Amino acid sequence: MDYGRIAELADRVVRGDARIYRLPRKDEAGRIAAGRIAVEASCVAGEEFGTHTGKCGSEYEVYERVEQALKQWAVHTGVWYSLQRLEDEIVSPAEKVIDLGVESVVYFVGGSVYKVMRSNHHNPLLYIDNRLALHNSLFPDVRYELLGITEDEHREQQFVIRQPKVQGETIREYALRNSSKYGGGIEADITKEIYVAVNRKMFAWGFEQGLYPYQYINDYYRIDDANPGNIMFLDGHDPFSPATEFFFIDTAPKLNVDAGMNYLDFEITDNK
């Protein structure tokens, strides 16, 4: 792969001279908001995906080829996080760590939140599309910035992400602290007040309830995991007040393919 050409393509996209045709234009702005590294990683993944699709025995073989290409690119460009670099720059300075198991590990460092997010052998390009570009398009106040790529001790690829720190707590944390006020514990059955609060906010944004709790859809997007543990509000506010602003820090958005929205084949053309 010609890394110089890939870097030039990414520069043109960031400057606005070229455009990635993969997501709707406003969502591609979310990819750029994830930083130049995210744009360049998208170019690497998109080109590699196009090269190997239809030529491998299975889609997972294609994903492995893309992951290999991303690692080689990250090492070449200096955005590869070895376990030692991860320890030195993020793990050791962290004031607080939350291990979310199969999904990610979250580190709180100063005014930022760092997330080491596992792709779990999913399509790396689609992972960037959804978890970075679409997230930033929908929730710009808590945008993700891609810093680099790493892998765990089992050689499973992960993305190193930075996000602004919200000075507040999640709805779940608040409800657990005030469980007696809001109908008892919430681990087994989410209280009605929480469900109403999240629904009210999503319905106001033009979403409808999906098939599952805390799944929301409209003609363009499907958002999963919009649950109380992934929604924050600022200190000193009541999460159940209609006026309180919510920060959706870690949902799983996708294009609503059931409504006719499609991910286009990755292509970069002059911006017109």
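The values are calculated or read from the model by the stated rules, or taken from the named source; none is laboratory data. In this text the structure is predicted, and so the values were computed from the model without any measurement. Cβ: placed from backbone, ideal geometry, glycine included. Neighbour counts: every protein chain shown. Protein only, heavy atoms only, side chains kept; ligands, DNA and RNA dropped before computing areas. Shrake-Rupley method; radii C 1.70, N 1.55, O 1.52, S 1.80 Å.
A few notes on this one:
- Asp219-Arg12 FRET efficiency (beta carbon distance; Förster radius 35 Å; 0.05 resolution): 0.65
- Cα gyration tensor shape for the range 60-103, rounded if a/c is under 1.5, else prolate or oblate: oblate
- Each part reduced to its alpha carbon centroid, the range 240-268 and the range 1-38 end up 20 Å apart.
- Rg followed by Dmax, in Å, when the range 1-77 is reduced to its Cα trace: 12.8, 38
- Within the accessible area of the chain (1.4 Å probe), percent carbon and sulfur: 50
- Heavy-atom accessible area per residue - the chain, 1.4 Å, Å²: 49
- Legend: residue pairs Lys71/Lys115; Lys55/Lys254; Lys26/Lys254, Cα-Cα distance threshold 20 Å; pairs beyond threshold, Lys55/Lys254.
- Taking a sphere under 11 Å around the Cβ of Val105 and counting the other residues whose Cβ falls inside, with K and R at +1 and D and E at -1, yields a net charge of -1.
- Virtual spin-label span in nm between Asp152 and Glu89, 7 Å along Cα→Cβ: 2.1
- Kyte-Doolittle at least 0.5, axis length at least 15 Å by Cα - qualifying DSSP helices, the chain: none
- Angstrom value of the Kirkwood radius, inverse mean 1/r, which spans all Cα pairs in the chain: 19.8
- The Kirkwood radius of the range 133-181, taken over pairs of alpha-carbon atoms, gives through the Stokes-Einstein law at 37 °C and 0.692 mPa s a diffusion coefficient of 240 µm² s⁻¹.
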